[in-house]
1. Taking θ as phi - 60°, what are the ³J(HN,Hα) couplings along region 119-132 by the Karplus curve (6.51, -1.76, 1.60), each to the nearest whole Hz, with x for Gly and Pro?
2. Any idea of Leu87's accessible area? Nearest 10 Å², probe 1.4 Å.
3. In nm², what is the average projected area of the convex hull enclosing the Cα atoms of region 139-286?
4. Excluding ligands and nucleic acids, what accessible area in Å² is computed for Phe167 using a 1.4 Å probe, to the nearest 10?
5. Sorted by average packing, counted as other Cβ atoms within 10 angstrom per residue and highest first, what order do 258-267, 120-129 take?
6. Using θ = phi - 60° and the Karplus form 6.51 cos²θ - 1.76 cosθ + 1.60, what ³J(HN,Hα) does each residue of region 169-184 get, whole Hz, x for Gly and Pro?
7. Using alpha carbon coordinates only, what is the Rg to Rh ratio of region 62-182, with Rh defined as the Kirkwood radius?
8. Once all Cα-Cα distances of region 156-214 are split into 5 Å bins that start at 0, what whole-number percent is in each one?
Amino acid sequence: MRKKTWIFAIILLLAACSNEPKNTNTKEESAPKTTEPSSPEKKNEEVKEEPVTEEVTSIEEEGTYIGQIDNNSIEVEAAGETLVLRLTDEVRGTVESMKDGAKVNIVYKKNDEGQWVLEQINEVSTPQAPTSKKLTYIVDGTSVEEDALLTESELEYHFYKLPDFEFTAEEPRKDLLFATKFAETFVRIEPLSEEASIDDLKEWAKDELEAIGEVNEVNGVEVAGPAFEKTSLFITASKESYKKYIVIQELSNGDQVKYTVNLPEHKNAAKWEQAIWAMLSTLQTK
């Protein structure tokens, strides 16, 4: 009986132990933190940057004043192109007193409408040519050196004139340079406009010389010197005691001038011919 009692007591003790809560010694994992999703407006505010305003800088160049288009704009030849520039009140008075073809210094920039606006314009002063210079030319193998005087034409060009010659205006838009002692020896000087047709002038020149004799094209440098390296036309014709040249020369600034040279027989004909080429080699347009 006592034995059964002990067995029953042991069974009760084991049952009590099995009902106690288990200690697992584990920590409860915390739930991961979640961030509230940003709204599209917030993202745009974070990424968006202030636009960079590009500063409009002024441009300064030298060029040639072509003229006014209307009361509000002008044209200037600069940097190899024709610029159309809007006028401001600050420059309007200066422009009104400026001559077409003047060499100018300009400052301009682009406005918000994409237009080029003139900020400043000033005429560039050209250095004064000396009043005289020595000209050297060759006559029958002999070098001749003479003093020549600066001579200006109303047709906006100048050259240096030797003492054996006189100079006078001739209409329309032509001048005459002739030997004082023999006026039949002369050169007619005709500055050409940009609208002049060189092809037409060549045809007329050939027709004019054919009335004298056979027309020959010659090398300008060999006949008249290095200044005549650029010529659109250099032709001549002669008969008996008379020779004539017609020349279209391109100057260093791009302007073109036509010369008609008459050389009748005279004891000084050889000298005067070379003197004429020497004087014409100094011709410059303004």
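The values are calculated or read from the model by the stated rules, or taken from the named source; none is laboratory data. Note that the structure is a prediction, hence the values are computed from the model and not measured. Don't worry about glycine lacking a Cβ; one is built from the backbone with ideal geometry, like all the others, and counts go over all protein chains shown. Heavy atoms of the whole protein, side chains included, go into the accessibility calculation; ligands, DNA and RNA do not. Shrake-Rupley method; radii C 1.70, N 1.55, O 1.52, S 1.80 Å.
1. These are the phi-based 3J(HN,Hα) values: 9, 9, 8, 9, 6, 8, 6, 8, x, 5, 6, x, 6, 8 Hz.
2. 20 Å²
3. Averaged projected hull area, Cα only: 8.7 nm².
4. 50 Å²
5. Details: 258-267: 17.1, 120-129: 11.9.
Going by the mean number of other Cβ atoms within 10 Å, highest first, we get 258-267, 120-129.
6. Coupling constants for region 169-184: 6, 9, 7, x, 6, 9, 10, 10, 10, 9, 6, 4, 8, 7, 5, 5 Hz.
7. Working: Rg = 21.2 Å, Rh = 17.9 Å.
Expressed as Rg/Rh, it is 1.19.
8. 4, 14, 19, 20, 20, 15, 7, 0
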